[in-house]
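Scroll down for the structure; my scribbles are underneath it.
The values are calculated or read from the model by the stated rules, or taken from the named source; none is laboratory data. These figures come from a predicted structure and were not determined experimentally. Here the Cβ positions follow ideal geometry from the backbone for every residue, glycine too, while neighbour counts run over all protein chains shown. Heavy atoms of the whole protein, side chains included, go into the accessibility calculation; ligands, DNA and RNA do not. Shrake-Rupley method; radii C 1.70, N 1.55, O 1.52, S 1.80 Å.
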Amino acid sequence: MAVIAGNWKMHHGPEEVRGFFEKLDIFDVPASSELIIFPPAVSITTAVQAPDRDPRVMIGVQNVHWEALGAFTGETSSLMAAEAGATFALIGHSERRHVFGETDEETARKAAAIVAAGLTPVLCVGETLDERRAGAVDAVILRQLDAALDHLSKGSGRFLLAYEPVWAIGTGETATPADASAAHATLRGRLEEVLGVSKAARVPILYGGSVKPENAAELLAAPDVDGVLVGGASLKPESFAAIAAASG
Ligand code: PEP
């Protein structure tokens, strides 16, 4: 089973969302593959209610605040996202960490709120180019995982990880399948230490960073890569469907 997720970032308002689902053809996508789209928060309800959305395509929220409600202008809570019909939530995306300065501690608080609201969390981790050059890949991704793992493993239990090297996001640079597998093995090892081997084996670890139809098959075939998180190439229904079809 593979998970193919699309992070639309700040693209696709409600009108474009309807058009996307009208055109999305997932006939060639293996029945065992799980599909998730993360639209902007204002488009979640439209995505959930889009008459042409195949129910196999689940909807998630890109970011949440850790509080359930309150005086936090501009923020969205996990409970509200759930009420709007989202069933998944991204946490710790590199743009949240590096553009908006979100800390490991804030990410952990969001993880707790997401689990409490009954959403399935997808924790993103990944190193910058400088950290990779300094040989700190494992130290960085394990620190980011450790900060949230306690919260992620509470609740009903299901959660996903996405290894997204910061230098590969939106740059056209992709990690080699071997680099992705090595980082995934590091994450899997930590999950095994903390959760035990059988529970750890059930946590899908996705790769993200300039995935496109041309490189999806080789990344998805790499050891320990259970799916992909796709930014730019998920915006067009044809390329999202082509990537998802490569998950067979
Ligand atoms: C992302 O936003 O999570 C991502 C991986 O973006 P892109 O595929 O455009 O590199």
**Q.** Complete set of residues in the range 211-232 that are surrounded by fewer than 22 Cβ atoms within 10 Å (Cβ to Cβ) and under 11 Å from Thr174 (Cβ atoms)
**A.** Lys212, Glu214, Asn215, Glu218
Q: Determine if the range 137-146 includes at least one residue that is in contact (Cβ under 8 Å) with a residue 24 or more places away in the chain, within 16 Å of the ligand (Cβ to nearest atom) and more than 22 Å from Ala31 (Cα to Cα).
A: yes
Q: Tell me the helices (runs of 4 or more DSSP H) entirely within the range 86-175 that contain at least 2 residues that are open to solvent by less than 20 Å² (accessible area, probe 1.4 Å).
A: 104-116, 137-152
Q.
Which numbered condition in (1) under 17 Å from Glu34 (Cα atoms); (2) in contact with an Asp or Glu (Cβ under 7 Å, 6 or more places away or on another chain) is the only one that Ala200 fails?
A. (1)
Q) How about the range 17-34: which of its residues are open to solvent by 20 Å² or more (accessible area, probe 1.4 Å), in a helix (DSSP H, G or I) and among the hydrophobic types (A, V, I, L, M, F, W, C)? A) none
Q: Could you identify the single residue in Gly101, Gly85, Gly92 that is in contact with a Leu (Cβ under 6 Å, 6 or more places away or on another chain), modelled with pLDDT of 95 or more and at positive phi?
A: Gly92
(Q) For the structure I just gave you, tell me whether Leu161 is hydrophobic (A, V, I, L, M, F, W, C), within 17 Å of Ile141 (Cβ to Cβ) and modelled with pLDDT under 95. (A) no
